[in-house]
Every structure is written in C-alpha cells, then in structure tokens.
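Take a look at the structure set out below.
We did not get these values from a lab; they are worked out from the coordinates using the rules stated. Quick caveat: nothing in here was measured; it's all calculated off a predicted structure. Note that we place each Cβ from the backbone using ideal geometry, even for glycine, and neighbour counts take in every protein chain shown.
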Amino acid sequence: MAKNNPTERFHSGALTDGWRYFGAHPTEKRGVKGWGFRVWAPHAQMVSVVGDFNNWKVGEHRLVRKDEIWEGFIPGLTEYAAYKYAVTGVDGETRLKADPYGFHSETRPDTASKLYDIQGFKWTDAAFQAKQAKHQVYDSPLNIYEVHLGSWKKRENGDFYDYKDLAVELGAYVKEMGYTAIELMPVLEHPFDGSWGYQATGWFAPTSRYGTPKDFMWFVNHMHKNGIAVILDWVPSHFCKDAHGLYQFDGGCCYEYSDPNKWEHASWGTRVFDYGRPEVKSFLFSSARFWLEECHIDGLRVDAVASMLYLDYDRQGGAWSPNKYGGHENLEAIDFLRELNTIAFGVKPGVMMIAEESTAWPMVSRPADVGGLGFNLKWNMGWMNDMCHYLKLDPFFRQHHHKDITFSMMYAFSENFVLPISHDEVVHMKGSVVGKMPGDYENQLRCTRGFYAYLLAHPGKKLLFMGAELGQWHEWNDKEQLDWYLLENDSNQKLHRFFKDANAFYKKEPALWEVDFSWEGFEWLVVDDNHNNVVVFLRKDKKGRDILCAVNFSPNTYEDYRLGVPAHRQYRPIFNTDAAVYGGDGFGDEEPVTVEEVESHGREQSVAIKIPAFGAVFLRGEGTLPKPKKSKKAAETEAEESETAKASVGQKAAQVLKSIRSPKAARAGETEKVEKVEKVEKVEKVEKAGESRDAGEAGPAKRRGRKPKAEQEFPLEQSTSAVKKRGRKPKAEKKEEEGKEGAREKESAREKESPKAIKSRVKKS
C-alpha cells in the first residue's frame, strides 16, 4: 500500500494530484520569495532550469537529484516568466523541455512554459454543481453542442476570441439555442493548430491561444452560470513527438513504451503512453483530476479508446507483441482505464466519463467491479456510420438499406450511448451535415430537419458539431469561422429557428430522455416499411406515457399513413418538422387524430396520420379508448348468460362440496371424481368464453385484460358459502345427482377392466 509521501505514491501509480507536487510553484525559502521546481527524469545525468532570467544558460540553475526526481529553488522569479528544463540524457545530449506539469505556456510558435500561480480563482458555481450531482446524466436531458473554440467565431481581423469573450458570446448562444452542454475539442496546450488539440504537449495547461488558465476558469464558471455543462475532450491515448514535449524526455523512454512494437501510432506520427508504468499512470490520473477538480469540468470525453485497448491497433504486418496470454488486448491499458474512471467518480460522483470507442468491446459503460471499463457513456460509432451512409443515398436506393436506420436498436441498450455527429464527420471530403443530404438546397434543409428530429427521438444522449444549425453547406474549416452570414437568408433563419425549437421540445419532453438506456423507454410501431422509407416508434417516460415519433426519409408525402397503436383515445400532434415557420409546406395533422378499431401492424387499433416528405412528426397519445357500446338486446343476452353461468358454477361447487362431505367420499376413487368435476368445470368455462367471443360480446374485454363476468372463477371457500345460502337441493335433484354418481362409478369400473374381460362382455352383449 502506498504511503502518504507524494514520492512514494508517484512511484506506485497512486499519486492523483501530482500538479500540486511537481512543476513550478511560488514558494518561500528562508524568508526569500521565489519559485520551486520539481520534475521526473529517471535517465538524466543533469537537469537545470533555463529562461529569460538566466539568458537560457544551461547549468546555471541546476536541480538536485533525489532518486529519479530533480528539484530546486530559484529566488526572485516573477509570474509569467518563460522557462524550460534543460535535460542532459545518458547520451550526453541536452534537450530543452517544457514542464510536463506546467499550467501556462507561451503562445505558439513559441514553446516554453510560463510561471503561473493557479491558486486564487473565486468560483461562483456551487449551485450548478450541486444540481449536476443531484440530476445525473442517466435520466436527464443531454444535448451536446461540440465546439472548436478557434473557429466557432473569430474577430474581424481574423484573431482568436479570448476565453472571456468566448464565454459571453458562446454562453448566450448555446443557452438561447437550448443545448444543455458544450463539448470542447481539446484545449490542452498543443503546438500545431491543424492537430485541433489532439497532439498535446501540456496536460495541465489550457492553451494560451485564448488566454490564461484563470481566464479558462472564468469561461467554465460563466457557462455554469448559464446552466451549461462543460465537457472536455481529453487525450490519454497518445502524444506528439515535438522536441519540447514528452517525447524521449530525458533521452530515453519515460512516458512512452520502450517496446518498438508498442511505442508508436505510425499513421498518427505519435507516441503511446506506457500504461504499465506507475509514474505514467500517476501523471495521467493527475491530469484528469486537475481538469475535474481545479477547472470544474463536468465531464471528460476520452479520445481514441480503441487505440488503447488493442495492441495491434493500426499496426500492420504483425508488428505488435501479444500479451502474456497470447491475445491482442492491452491488459495494462484496460487496468488504467478502470482505475481512471474509479478516480474520476471519486472526485465528482456526477461526472460524465465518455468513451470514444469504435469497436465491439463489451461493457465499456459498465462499472469496473462487474467487468466493465467503468465509463458511464459511450459514443455510438456504429449508429453514426450507418446514418451517415444512409443520408448520402439517393432516396430511391434507401429502400435497400433500411437496416441503416433500424439496426442500431439491436444493440441500443447494450451500452449507455451518446449519438454523435461530430467534427470527424464533416471534414476530409465527408461533406457537412446539410451537404450529405440529397437534392437541391431546399430539399437538403428539409432533410436536415427530419434527420435532426430522428436524432432527438432515437434512444441515447445527443451530440452535434457546430455549424449544422446554420445550414452550412461546405465542410468545416478550422482556419475560418462558421458561416454566420448565412443567417441573412430567410431559409437559413428558419432552419436556425427549427434547431432552437427542436431543442426546446426535446428538453421539455421526458419521454425523449428519461429512459434512454432501457427497452422500457422505446417500442417499435413500424420497423419494416423499407419501401416507403418510414419508421415509427414510441418513446416513453418513467410513468409509461408515450410520444409517437414518425420519420419519413423519402421524398413522398403520406396523406393517410395507417399504423397500429396502443389503445389511446386519440393522438395529438405536438411537433412537425415541416411547419411553415421552419421553411416547410405545413403538411401534417393539425387536429387530434382519433384512434379507430381497425386492425393494423398486429394491433386491434390504429390511426391514419399525415407524414411530410423528408420530415418527422410527433404525436402524444391521450386518453383511453372507450369500450364499444352494446345494443340493448346484446346486453340482455349477456346478462342472461352471466346468470346462467353463475348458477352453473354454483351447482358444480355444490357437487364438489357434497362429495367432500358425503360418506361416499371415503370410497376408493372418490378423489379422482372430485378432480374430474373440477376439470369439467374449467372446460365448460373455456367453451362458454368461446361462445361469448363468437357473439361479439366478451372478446374485447378479454383482450384488454379483463374477464367477462361469465368467466369469473369461484374459489372453493366462496362456493361453499354460496351453497349454504341456497339451502338443500330438492329430493328430485338429489336422486338425479345420485344416479349420475352411480353412472360415473360404473364407467370408472369399466375403465379398470382387463382386455380379456372387455372381450367377454362384448360377446355376451
């Protein structure tokens, strides 16, 4: 068990707040103010601190080695001073390295760390955090707006907005549009704009492109003030090979694997963290905790989990080493992910730990103690790929690919899924969301509305990359801001309003998010209508209240689309993507649609609804279908049959009671007689029920779970009481009953005869 000493915990992989111990911190020594430094460099011969304060002279401010850790104190330094570690490796070469635990950096293209005091920011988001902890993600609405801060909006001269200005504008926009959360593409410090932050050098430093670390804290605090959760894209799967970064930090392999078959993702040009090394685990655990604890981040989207899980990921020609069992699973990475998630939920119980995992690895979003990886959410990459493929098809050919929009329900509840249409799907010649759609621009906008409605209705939490709400027709360009000028067009304004209204509709309807991870929240109504490119299903809240969701992926309008439905009294339209205010034709039901006693899709009741081309409609089931009215004659007939049935049941009960009380019950075979009476009674009941159904009387009640009166059973205790109240039978009835008993005894005796006796009796007769 690791001791409380930070060094001991670091070397055991248990140091989860390493930013407090390593790096540069303001300190005082013997009454002199300055900065203390501490860095891990196990293979180094010498480590010194260089910067403007010593003209970047190697060796002037040397650190003292304590085992594998180097530390020291430099007086008189001031905040924002640039510095690096000069690390001389076993090969004698000196490398200038940024601080792995540094909080602030120079703005690219410069690469030095900057002294920065992380303490002292005053948070005002306690109420928001308490609400997040109370209303966790599982049964709450989650509609994520994915953002690249550098290209969401730029200043007129092309410069970046800073964190504070971004917070004000982005916060107001996201709140107005009705999203519940934003997901930031990586803001960890990174040298190359074109990496979008995925090739990082600073795991504790918000990028200086937009300001200081406390500016970033202000950004998060302001988002929380507007009721918006902040999710950070976090990258523990790899790191870049830039000279000032973690790459061969002390001349040897510190943070990366030393095995050439494990240390690199060749297609990405990056190194892979050594998940089996305790010091590396402490580093990454501390990074995750830093963002959650110090920066109040509400969730981490963990990038490229699949690349961590498989030893042969993106390694061609057998250039990989199997695990100790001979398999391709990275056992060290699996353990790391489980520990990571355990730590995260310990720091913030309501945290969203989201895995970008693209394979069929099981139980990604299940707790570690039951064999899962410990995340609580997972991107549904299968659904994303199927939908992107389907949307690009000419509508005529969609009928042959209907499974693209239905197959996801075969596994929808195997994980806690997020449905992502992310940045990766609107770059590299894949087309924008609008650009994926068939037809002219008007039809593309129509298709976009229908698809987004389907996204909101499908089980799972939601994520959409910025720009789709504007109707942006070209791919995302990280060097340019979004096409805000499009909002000068009437059609784009209407699309923008649609997204706003659709998000508001989603948030106010618990049926669309309260039961996202169970079949209890979903039911197919029409799943196989590939010829019409239509799917219809119910979404349900915890109380079972349902919303009918009908989506049409064809260019045809359907005037009277009949489908079987639960026995509501009516379905009232509550949202239509084809509304005129959204740029549509206004095609769809405007008044409640009555449920009819017409069989369809295996149900006894159905409705005929209007579904617009490339659109979706939502209707709420209301009331209970009234029972069919009976004619006076039918009612009288049913009453007579009911009384007859009651009398018959009473007679059978009396017979049973009589046989039980009679001395004859002691005779051999009497118990079998009683059982036969009960069996006869049950058969008569079934026959009677069949007669009632043939007459059109008791059938509907039976199918709705109610028994007709004639089918009601009398327990033995009730039968006994009834007999007592009726008194004794007349003698004629008694003799008739005794005669019947005698006949049954003779029949029973015949059944026991031997074959020889039967032949003899037949001959005599």
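Packing, taken as the mean count of other beta carbons within 10 Å per residue, orders the peptides 180-187, 358-365, 612-619 from highest to lowest as 612-619, 180-187, 358-365.
The ratio of the alpha-carbon radius of gyration of the stretch 178-288 to the globular-protein estimate 2.2 N^0.38 Å is 1.19.
When each of 411, 161 is scored by the number of other beta-carbon atoms lying within 10 Å, the sequence from fewest to most is 411, 161. Within the stretch 173-215, all pairs of alpha-carbon atoms sorted by distance into 10 Å bins from zero give the percentages 27, 41, 27, 5.
One chain, two ends: residue 487 and residue 312. Fully extended at 0.36 nm per residue, the span grows by 58.3 nm beyond their Cα-Cα distance.
Ratio to report: Rg/Rh of the stretch 6-114, with Cα atoms as the point set and Rh obtained by the Kirkwood method; give two decimals.
Numbers: Rg = 13.6 Å, Rh = 14.3 Å.
Result for the stretch 6-114 is an Rg/Rh of 0.95.
So how do 95, 20, 446 line up by other beta-carbon neighbours within 10 Å, fewest first? Please report the intermediate quantities before stating the final value.
Values: 95 20, 20 14, 446 25.
The fewest-first ordering by Cβ neighbours comes to 20, 95, 446.
What is the list of residues in the stretch 534-548 whose amide nitrogen lies under 14 Å from a point 7 angstrom out from the Cα of residue 520, following Cα to Cβ? Zone members listed by number: 540-545. Dipole of the stretch 280-325 computed with +1 at Lys/Arg Cβ and -1 at Asp/Glu Cβ about the Cα centre; of 302, 286, 321, farthest Cα towards the positive end is 321. Can you work out the base-10 log of I(q)/I(0) for the stretch 382-622 at q = 0.08, 0.15 1/Å, using the Debye formula on its C-alpha atoms alone? The calculated log intensity ratios at q = 0.08, 0.15 Å⁻¹ are -0.28, -1.03.
If you take the alpha carbon atoms of the stretch 93-161 and fit the smallest convex hull around them, that volume is 219 Å³ per residue.
For every other residue with a beta carbon closer than 12 angstrom to the beta carbon of residue 590, add +1 if it is Lys or Arg and -1 if Asp or Glu, then tell me the sum. Don't jump to the answer; show the numbers that get you there.
Working: positive: 572, 610; negative: 578, 589, 591.
Computed value for this residue: -1.
When each of the peptides 413-424, 460-471 is scored by the mean number of other C-beta atoms lying within 10 Å of its residues, the order from highest to lowest reads 460-471, 413-424.
Electrostatic bookkeeping for residue 415 treats Lys and Arg as +1 and Asp and Glu as -1; over the other residues with beta carbon under 12 Å from its beta carbon, the sum is +1. I'd like the distance between the alpha-carbon centres of the stretch 259-285 and the stretch 157-225, rounded to an integer number of Å. Their Cα centres are 27 Å away from one another.
Of the listed peptides 391-403, 284-296, 68-80, what is their order by residue-averaged count of other C-beta atoms within 10 Å, with the highest listed first?
284-296, 68-80, 391-403
Compute the separation of the alpha-carbon centres of the stretch 87-113 and the stretch 362-384 and state it in Å as a whole number. Spelled out, the Cα-based centre of one part sits 36 Å from the other. Global size of the stretch 467-605: 17.9, 60 Å for Rg and Dmax (C-alpha atoms, Rg to one decimal, Dmax whole). Arranged from fewest to most other beta-carbon atoms within 10 Å of their beta carbon, 212, 27 become 27, 212.
Where a ≥ b ≥ c are the square roots of the eigenvalues of the C-alpha gyration tensor, would you call the stretch 324-445 rounded, which needs a/c under 1.5, or, failing that, prolate if a/b is larger than b/c, or oblate?
On the way: a/c = 2.59, a/b = 2.15, b/c = 1.21.
Because a/c hits 1.5 or more and a/b exceeds b/c, the stretch 324-445 counts as prolate.
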